[in-house]
1. Can you give me the relative contact order of the chain as a percent, contacts being Cα pairs under 8 Å and 6 or more apart?
2. Could you give the nm distance between label points at D168 and A396, where each point is 7 Å from its Cα heading toward the beta carbon?
3. Show me the ranking of peptides 185-198, 404-417, 372-385 by mean Cβ neighbours inside 10 Å, starting with the highest.
4. As a test of the formula, what do you get for the chain when each DSSP H run with n ≥ 4 contributes -39,500 (n - 2.57) and the sum is divided by the residue count, at 222 nm and rounded to the nearest 500 deg cm²/dmol?
5. Under DSSP H, which helices of the chain have Cα atoms covering 30 Å or more of the helix axis and a Kyte-Doolittle average no less than 1.0?
6. Which of (1) 24.0; (2) 27.2; (3) 25.6 is the computed Kirkwood radius over Cα pairs in Å for the structure on display?
7. Under 17 Å from the 7 Å Cα→Cβ point of V442, by amide nitrogen: which residues of segment 388-405?
8. Can you give the extra length, in nm with one decimal, that the chain gains between D85 and S2 once fully stretched, where that is 0.36 nm per residue apart less the Cα-Cα distance?
Amino acid sequence: MSKTRIAKDSMGELEVPVDALYAAQTQRAVNNFPVSGQPMPEAFIRALLQAKAAAAKANVTLDQIPEKMGSAIAQAVEQLLNEDDLMRHFPVDVFQTGSGTSSNMNANEVLAAIASEIYGDTVGANDHINCGQSSNDIIPSSIHISAAVELSEQLLPALEYLQKAIEDKAAAVDGFVKTGRTHLMDAMPVRMSQPLNGWATQIKQNIHHLKQIQPTLQSLAQGGTAVGTGINAHPEFAKNFNAELSQLTGLEFTPADDFFAHIASQDVAVALSGQLKATAVSVMKIANDLRWMNSGPLAGLGEIELEALQPGSSIMPGKVNPVIPEAAAMVSAQVIGNDAAITVAGQSGNFELNVMLPLVASNLLNSIKLLSNVSRLLADKAIASFKVNEDQLNNALSRNPILVTALNPIIGYMKAAEIAKQAYKEGRPVVEVAAENTDLSVEELQKLLDPAKLTQGGL
């Protein structure tokens, strides 16, 4: 059996693994919440630790703790953040107390153990590490901090990378003309670059909307303490905390205009999640278009050939599947599901505190991580590397009676419809059928119905 030691908190004594840096409150949470086996996301834990370092520095400046003690706490944070196996110290399940108090005390206890060694005397988990703080403001703040850092350092660069990959591919395939499709049915022709640039614009719009939310996301509840009044925190704590945190992270954090709103609600996280969902919808659209265009190779559209990455079947030799778009579609579905959970969690702000904070943190960071990773995969292993099947494009174009739409201003809709139906029925080129049913010559019709010209619009 594992060796244990006895730890004590305000509720009494209990056994804790002898080599654990955490103490009684963390162990109580481990015992109380054997729910998923899923700890809080590492990005959240890192943000929480950085917040503790910023708090210690602010409290030193405000004469709330000794300078040497504050330095020891900051050193403890740095030591943890550089540890390869950081998460072994943070075992508390996501599905815990709704305020995230267990995770807050987990961090406080671990830091107290390390800081006490550095300081040479007792550094208290509650009185010193948690000085000027409550779980009710540090956990909402850590949600914002972690999401802001991951958004700035991971998701936005990944989306910008995806946008550029699409734009580069659009430029490379601009010379190809393909059958457009609406309702999955043949429609007027498009240059292959046109729908791709449409994808790029979708991603660009998502980037714009995500950047718009950054200033609000980077406003923090810290300083509101238990209910928003700031009890037990120095009046200047919030300002100093944000200044220290901004220096630590390289992002500009500010105190919330109203602590009550940031503690009682998770409206900002819900808004961010909603935009992540919108981004997922865009990714899903792109992924599904790629799958359709790649379908076949014989019985589908076969317009493009995606990079072959792995065998597609355990029983059908030679089969290759669009695995990256499929992964992207699954990511999109998961992000949409995460948003539904965050939406419900956001409604659980009862009076002065939201009580589903760990769930919000977990799902929000999961969505950011998934979208960040799959955006780069989609860029590199699907969009940048697909090949165009020009013969297939031209074959479909030559048999597309919908080209007759360009004759509407000349022969009228009803006459054009008759020609299209006859061409469909007889399986003949629309130019040939139109020449038989109008006064227009084959040469004139070829100019009027030139697919490349029709992609330019106008009369």
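No value in this document is a laboratory result; all are computed from the given coordinates. Here the structure is a predicted model, which is why all the values come from computation and not from measurement. We place every Cβ from the backbone using ideal geometry, glycine too, and count neighbours over all the protein chains shown.
1. Numbers: 755 pairs, mean separation 76.6, N = 459.
Worked out over the chain, it gives 17 percent.
2. In this crude label model, D168 to A396 measures out at 2.6 nm.
3. 372-385, 185-198, 404-417
4. Values: 18 runs with 260 residues, N = 459.
Taken over the chain, the calculation gives -18500 deg cm²/dmol.
5. On the way: long enough: 193-217 (36 Å, -0.75); 267-294 (40 Å, 0.43); 323-346 (34 Å, 1.12); 357-378 (31 Å, 0.97).
Qualifying helices: 323-346.
6. Given (1) 24.0; (2) 27.2; (3) 25.6, the calculated one carries the label (3).
7. Zone members listed by number: 398-399.
8. Values: separation 83, 0.36 × 83 = 29.88 nm, distance 1.95 nm.
Between D85 and S2, full extension yields 27.9 nm more.
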